[in-house]
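Have a look at the structure below before the remarks.
The values are calculated or read from the model by the stated rules, or taken from the named source; none is laboratory data. The model shown is predicted, which means the values in this text are computed figures rather than measured ones. Backbone-built Cβ (ideal geometry, glycine too); neighbour counts: all protein chains shown. Just so you know, the surface numbers come from the protein's heavy atoms only, side chains and all, with ligands and any DNA or RNA stripped out. Shrake-Rupley method; radii C 1.70, N 1.55, O 1.52, S 1.80 Å.
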Amino acid sequence: MKELLLSTMFVLSSLAFAQPQAPNGGDAGQRSDRPTTEVLLRADAAGPEGRPSFDAARREERHRMAESQVAGRGITDEAVLEAMRAVPRHELVPPERRDRAYADTPLPIGHGQTISQPYIVAFMTEKLQLSPGDRVLEIGTGSGYQAAILGAMGVEVVSIEIIRPLAEQAARRLERLGYDNITVIHGDGYYGYEEFAPYDAIVVTAAAQHVPPPLIEQLKPGNRMVIPVGQAGWTQNLLLVTKTEDGRTRTRNLMSVAFVPLTGDRGGGPEDNPPGDRDRDR
Ligand code: SAM
């Protein structure tokens, strides 16, 4: 099954928060009926000092990747392309996978999980239409690569991962790379993270069975969420969900993808489908 998911995921596949800061290791305002969370890496409360500067190792491979796999397939947002050229993907994959870090494919990262294909990361990021200073919630930190791309674009990132060793590893690697605008949380992303809500954008990088209502609640009106929705083990629809100013949602199907499943106690069931008018264009 893992092989099926892997083979189909490609192409198909300090902060200066104004909100109250949780005490170290704890979580302010967490509702008692929700699973506990723990902050493993905290963005700089004084605000980001600047984008991290990465060394030049494997720079040419990154540029080739950005040109042929990303720009070559229609991604035009220069901020996304610049981040793809800059972020050392090889530092975020397991050592035994480093030689394949810039290949046109997802890769295993352990615990049955994957780092997504570069093109899919770029595509989802472009659809968020971000501006520097935006606050973005990511569900599914995994390797930390998607968070690193967002962080390199100058946005504030709050990223939640349910598998603790992956969350810890990503937090360590992102800290070592010099990010001061990424918060990594161990917890169940189905519930989002209320403390820093509302978010200017939300990106979910695991397949949900429905759009989690808490994520819609935590999205700013007028803003966007990108989320794969459908049954795990087969292809899903990558949805662009826009929350209108009156709090309703509009949903557009962007393409077919194959992601690992969103897990947790509410991994998802159709009974929770929130109201929203669907407007599929593919
Ligand atoms: N964004 C990641 C990256 O750049 O490497 C790739 C994500 S991988 C395709 C999906 C991740 O979502 C896995 O690491 C998985 O453990 C995580 N995940 C699954 N269900 C989750 C949940 N309920 N809350 C938070 N993370 C979850």
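Can you give the relative contact order of segment 35-281 as a percent, counting alpha carbon pairs under 8 Å and 6+ residues apart?
17
Kindly report, to the nearest 10 Å², the accessible surface of Arg42 as traced by a 1.4 Å probe over protein heavy atoms only.
Accessible area of Arg42: about 70 Å².
What order do His111, His90, His186 take when sorted by accessible area (1.4 Å probe), most exposed first?
The residues order as His111, His186, His90, largest area first.
Just need the relative contact order of segment 42-105 here, percent rounded to a whole number, with Cα pairs under 8 Å and 6+ apart.
Result for segment 42-105 is 35 percent.
Can you list residues from other chains, or at least 5 along the same chain, whose modelled amide H is less than 5 Å from the amide H of Met255?
It is Leu238, by chain and number.
Report the accessible area of Met255, computed with a 1.4 Å probe over the heavy atoms of all protein chains in place, in Å² rounded to the nearest 10.
That residue has around 30 Å² of solvent-accessible surface.
Taking H as built 1.01 Å from N, whose amide H comes closer than 5 Å to the amide H of Tyr199, not counting residues under 5 places away?
The answer is Leu219, Lys220.
Short version: ³J(HN,Hα) in whole Hz for each residue of segment 62-70, in order, from phi by Karplus 6.51 cos²θ - 1.76 cosθ + 1.60 (θ = phi - 60°), x for Gly and Pro, what are they?
5, 5, 4, 4, 5, 6, 7, 7, 10
Which whole-Hz couplings ³J(HN,Hα) result when phi for each residue of segment 112-126 is put into the Karplus expression 6.51 cos²θ - 1.76 cosθ + 1.60, θ = phi - 60°, listed in order with x for Gly and Pro?
Values, residue by residue: x, 10, 9, 8, 5, 4, x, 4, 5, 4, 5, 4, 5, 5, 4 Hz.
Given the Cα atoms of segment 35-281, and with Rh set as the inverse mean 1/r over their pairs in the Kirkwood sense, what is Rg to Rh to two decimals?
0.93
How large is ³J(HN,Hα), in whole Hz, for each residue of segment 86-103 in order, when computed from phi with the Karplus curve 6.51 cos²θ - 1.76 cosθ + 1.60 and θ = phi - 60°, using x for Gly and Pro?
Using θ = phi - 60°, the values come out as 9, 6, x, 4, 5, 7, 10, 9, x, x, 6, 10, 4, 5, 9, 4, 9, 6 Hz.
Relative contact order for segment 28-150: what percent, with Cα pairs under 8 Å and sequence separation of 6 or more?
22
Counting only DSSP beta bridges with both residues in segment 35-281, tell me the antiparallel percent, nearest 5.
Bridges in segment 35-281 are about 50 percent antiparallel.
Taking 0.36 nm per residue of sequence separation and subtracting the Cα-Cα distance, how much length would be gained by fully extending the chain between Gln231 and Ala103, in nm to one decimal?
So the extension gain works out to 43.4 nm.
Pull out a ≥ b ≥ c, the square roots of the eigenvalues of the alpha-carbon gyration tensor of segment 102-208, then state rounded if a/c is under 1.5, prolate if not and a/b is larger than b/c, and oblate in the remaining case.
The shape class here is rounded.
Among Ala170, Gly112, Pro214, whose Cα projects farthest towards the positive end of the dipole of segment 35-281, with charges put on the beta-carbon of Lys, Arg (+1) and Asp, Glu (-1)?
Gly112
Taking the Cα centre of segment 81-131 as origin, work out the dipole magnitude from +1 charges on Lys and Arg Cβ and -1 charges on Asp and Glu Cβ, in debye rounded to 20.
Result for segment 81-131 is approximately 40 debye, rounded to the nearest 20.
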